[in-house]
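Comments concern the structure below.
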Amino acid sequence: MTALSITILAGFLIAILAPFLTRLMKHRAAFVLALYPLAVVIQLLALQRDTLTAPSIQFPWVPSMGLWMTFTLDGLGFLMAMLIAGIGTLVILYGGEYLRDDPHLERFFLWVIIFMASMLGVVTSGNALVLFVFWELTSISSFFLIGYKFEYESARAAAWQALLVTGAGGLAMLAGLVLLGQITGSFEINQWMQNPNLVQESALAPAAFILILLSAMTKSAQFPFHFWLPNAMEAPTPVSAYLHSATMVKAGVYLLARLFPVLGGLALWNQVVPWVGLLTLVGGAMLALGQTDLKKLLAYTTVSSLGGMVFLLGLGTPLAVKSAMLFLLAHALYKGTLFLVAGGVDHSAGSRDIRKLGKLAKLMPFTTLAAGLAALSMAGIPPLIGFISKEYVYESTYYYSNLPYILTGLAVLANVANVAVAGWVGIRPFWQQPEQKDEDLHPHKESVWLWIPPLVLAITGLFMGVFIQGAAQTWVAASTSAVLQEITKVKFSLWHGITPMLLLSIFTLIIGIVVYLTSRTLIPRLAACWKKLSSVGPNIFYSRSMRAFLSVAGWQTKILQSGYLRYYIITIIVTTVTLAVITLATRYGNLPNPQWTQPRFYDVIFIVIIIISALLVTRAESRLATITLLGAIGFSIAILFLLYSAPDLAMVQFAVETLTVILFVLVIYQLPKYTKTNYPIHANALNIIVSVAGGIMMAGLMLLTSAIPSNSTLAPYFMENSLPLAKGHNVVNVILVDFRGLDTLGEITVLMIAAIGVFALLGLKKGSKGGGNS
Amino acid sequence: MQRSIILPVATRFLMPLMLVFSIFLLLRGHNEVGGGFVGGLVAASALMLYAISTSPSALWRLLPLDPRFIAGIGLLISLFSGFIPLFYEKPFMTGIWIETPLPVLGKIGTPTLFDLGVYVLVIGVVVWILLEFAEDE
């Protein structure tokens, strides 16, 4: 397990090196980079696992706050990790060929490997907060991959939308996980599972459940958050196949399965989750029937299938959970294949419109084979794994205690759509004549690395169906046991005898074929219908709220950001004075008497210099004089620091003053000629009042702080421990680089960001003149 | 405009002195007055002195790297110093020290490296921003 975790985390390092490797080897870097997921696959297979005891390992993270990086691998994690790493290997090989001549190929490798490592992190995390971090990383890598073709407005909008929707879900999840942590006093998921009653009896449990369900719904594109997934098809096809069908969108399903032992016992679970899933299952399938784009067809059926998995988990019976796990596996295999096939067709024929495609079988025989196998699996035809999966879905609904016929009927409806879409995507482009002639299309032959990955996946689906009692059964048994938290026997077989399920399957197939054949009339009618409906759909709601959000932002910016430095300063001083006065007046009845110490004569000298310079600044007639006077004030203050034994402060003050003067001198060159503005009398009065009030407040606060005896234990602590703990005599510096080093790290990061901001602002100005400095 | 000869000549002596002084400040920071931040400011002042006495483009030529890279490298050094303790199975940013003091440098540990990062970053950021404002005549 240790080795596996280290391999997984090494992915982040490999991702950073990937662009350099790509520069060296061009698209052939794929062959080297594919070794990373392959190594994960091999390690997974080598791990001997019982069905329930999961190996785990802890790295210290912040042990003083009880935070550990826990990694664990149970049956559920294993199944997901196998899909992520296995399909990941194929996607890297495929992507290298698909984006062969793309100038941004290195970005694809970078982000796809970061995604891979994060997703593997999600499914192997044993600590809820670690899981959250990886979860967010998958959203971020998904953002960059959807926006891969960033030159296109539509790609940027889709990436932004996916990030906002899944990111909002991520925040909900964080809140939900924190609530669970509050209830149980731990963030170890293992401890939650050992004590489900503790959670279920808590009053906070429903809130935690709703928040976590929201995050699962956004990530797994459940209604009404499904709209981002079809839009995410702006991503290059290997990305769609991998993130938006086989793995990332299953993270929500994974989260529900992972927390099923903790939250599954809530009454709300059975009341809400199945309906969310069912609505998505049927809605996604119906929306799919109005599409003509290969990827959109696949995207909507993916939404539908994800709904199916959520629905089954919502039912929560052992049979339903078993079916959900098998469906998860089967869907990843056939849908991944079909996406890769769609990419291959797009690459060769130059179109993804099913009306324009046809007769490609001769040109692309291997792609045709892969597409056919996956389509049969999707349509649920024996002996492919999709057939067995569908039988189990029917069985779960048919034997469910509540509304079995309605549930089964809706499942059949969704599967009819699946049969039709399977035919449109996997059969029709290869065998039938195109419906519309397009003279601009000149299909060419398939490339090797565009058919090997889908064919491997398709054949895996075939083998897993034929030898269903092999790997598929073991993996599903292990993951079902992990979800139910008890050892569950699973026995799949291809032939059940003549059962209601088999009859339903045959019925589904017949109706599906009828729908398939009526595509010419059906698709345009449904498309028109969905178009009408879309004016009240969540996508419109999304764009409306975005517009509202932006206009509020614009309105408040106009009010707050006047662009005049003097107004900013007035706002800051007035706010500070008001807050300080209110706090002093309400919190402290009788203030202590400030203690005066006799100033030394050399203190007085510098104080007089400061006062005189400050008065002169207001009368200064040129910029240079202003800067010099301000410099005099700064240096005098630095000397005062020195006199009051704060040499560190004084030194920094000297250096900063020097550099500020240089900065001002450099800026002056570029400013227009100085003209003294004569402010009207009331503006001057306001300025005087504000500055005097600010000065009095600061002076008052200083006097008060020195008058109140300090009870702080911090100062003595730092004084005592600076040498033994941090091996330094200079307490100030030890605090900066050691005790509060993390703060300093944050501050220097902000410094860097500020510099980038300055650069960007000045760059804008210079850009118009052409050319910067370098 | 007639350029004064005094400043460039003085700079030739002052700049190396200031740079050495800045390193001195950086190294003694842990025990005496000093530290990476102020050291970086002093070093940046030295470089800006050079830019003012000759020309900004001369400073560009003098720098081994674009100041943007210098700043970035500084941030990476500081970040990296925080990761070193992980290899000793200690939490992020735990101070780890070499027990025997080295000649000249003194006691060295990950906080020293962290401070070095601050030093480098401050030089980079200050020179970067100031050069953005500076324009050759």
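Coordinate-derived values only; no laboratory data. Remember, predicted model here, so these are calculated numbers, not experimental data. Counting neighbours? That spans all protein chains shown, and the Cβs are built from the backbone with ideal geometry, glycine included.
Shielding value for B:40-49 is 3, the average number of Cβ atoms from other chains within 10 Å of each residue's Cβ. For the stretch A:1-265, the relative contact order works out to 19 percent when only alpha carbon pairs closer than 8 Å and six or more residues apart are counted. Averaged over peptide A:720-729, the number of partner chain Cβ atoms lying within 10 Å of each residue's Cβ comes to 3.
Of the GluC sites (Glu not before Pro) found in the stretch A:140-234, the ones in coil according to DSSP and having at most 15 other Cβ atoms within 10 Å of their Cβ are A:Glu151, A:Glu201.
Evaluated at q = 0.13 Å⁻¹, a Debye calculation over the C-alpha positions of the stretch A:561-717 (equal weights, vacuum) places log10 I(q)/I(0) at -0.88. Ranked by the mean number of other Cβ atoms within 10 Å of their residues, highest first, the peptides A:629-642, A:157-170 fall in the order A:157-170, A:629-642. Normalised by 2.2 N^0.38 Å, where N is the number of residues, the C-alpha radius of gyration of the stretch A:488-614 stands at 2.74. The GNM of chain B, with springs linking C-alpha atoms under 10 angstrom apart, assigns the highest mean-square fluctuation among B:Ala58, B:Ala71, B:Ala43 to B:Ala58.
A Cα-only calculation for the stretch A:377-420 places Rg and Dmax at 10.6, 31 Å. Residues whose amide H comes within less than 5 Å of that of B:Glu32, counting only those at least five positions distant or on another chain, are A:Asn730 (H built at 1.01 Å from N in the peptide plane). Computed from phi, the 3J(HN,Hα) profile of the stretch B:90-103 under the Karplus parametrisation 6.51, -1.76, 1.60 (θ = phi - 60°) reads 10, x, 3, 6, 5, x, 10, 10, 7, 4, 8, x, 7, x Hz, with x in place of Gly and Pro.
Largest GNM mean-square fluctuation among B:Phe87, B:Phe21, B:Phe69, using chain B with Cα springs under 10 Å: B:Phe87. Amide hydrogen proximity for A:Ser220: with H placed 1.01 Å from N in the peptide plane, the residues at 5 or more positions away or on another chain lying under 5 Å are A:Gly252. Across all directions, the average flat footprint of the convex hull enclosing the Cα atoms of chain B is 9.5 nm².
Compactness check for the stretch A:274-517: Cα Rg over 2.2 N^0.38 Å is 1.00.
For the protein assembly as shown, a simple Cβ point-charge model (Lys and Arg +1, Asp and Glu -1, everything else neutral) yields a dipole of about 1760 debye relative to the Cα centre. Between the stretch B:64-137 and the stretch A:402-434, what is the separation of their alpha carbon centroids in Å? The distance from the Cα centre of the stretch B:64-137 to that of the stretch A:402-434 comes to 60 Å.
Taking N as the residue count of the stretch A:9-97, its C-alpha radius of gyration divided by 2.2 N^0.38 Å amounts to 1.33. For the peptides A:119-126, A:665-672, residues were scored by their other Cβ atoms within 10 Å and the scores averaged per peptide; the highest-first order is A:119-126, A:665-672.
Once backbone amide H atoms are built at 1.01 Å from N, A:Met69 has A:Phe59, A:Trp61 as its partners under 5 Å, excluding neighbours fewer than 5 places away on the same chain. Two decimals is fine: what is log10 I(q)/I(0) at q = 0.09, 0.10, 0.11 Å⁻¹ for the stretch A:1-265, from a Debye sum with one equal scatterer on every Cα and no solvent? Each listed q corresponds, in turn, to -0.40, -0.49, -0.59. In this rough spin-label picture, where each label sits 7 Å from Cα along the Cβ direction, the A:Lys437-A:Thr749 distance is 6.2 nm. Residue-wise HN-Hα couplings along the stretch A:144-151, as the Karplus relation 6.51 cos²θ - 1.76 cosθ + 1.60 with θ = phi - 60° gives them from phi, are 5, 6, 5, x, 4, 8, 5, 5 Hz; Gly and Pro carry x.
In terms of other Cβ atoms within 10 Å, A:Val249, A:Val282 run from fewest to most in the order A:Val282, A:Val249. The fewest-to-most ranking of A:Leu363, A:Leu306, A:Leu213, A:Leu315 by surrounding Cβ atoms within 10 Å reads A:Leu363, A:Leu315, A:Leu213, A:Leu306. Estimated purely from DSSP H runs of n ≥ 4, each contributing -39500 (n - 2.57), the mean residue ellipticity at 222 nm for the protein assembly as shown is -24000 deg cm²/dmol once divided by its residues. Out of every Cα-Cα pair that the stretch A:41-184 contains, those further apart than 24 angstrom amount to 43 percent. Sorted from longest to shortest, the spans of the Cα atoms of the protein assembly as shown along the three principal axes equal 107, 65, 64 Å. With a Cα-only, solvent-free Debye model of the stretch A:238-360, what are the log10 I(q)/I(0) values at q = 0.19 Å⁻¹? After summing over all Cα pairs, the log10 values are -0.98. The Rg/Rh ratio for the stretch A:377-515, using Cα coordinates for both the radius of gyration and the Kirkwood hydrodynamic radius, is 1.06. The string of couplings for the stretch B:30-44 from the Karplus curve (6.51, -1.76, 1.60, θ = phi - 60°) is 6, 10, 10, 4, x, x, x, 5, 5, x, x, 4, 5, 4, 5 Hz, one whole number per residue in order, with x for Gly and Pro. The stretch between A:Leu764 and A:Leu616 holds 49.7 nm of extra length on full extension. This uses 0.36 nm per residue minus the Cα-Cα distance.
Radius of gyration over Kirkwood radius for the stretch A:335-427, both on Cα atoms: the Rg/Rh ratio is 1.10. Legend: calculated FRET efficiency, A:Ala625 to A:Gln469, from the Cβ-Cβ distance at R0 = 60 Å, rounded to 0.05, equals 0.05.
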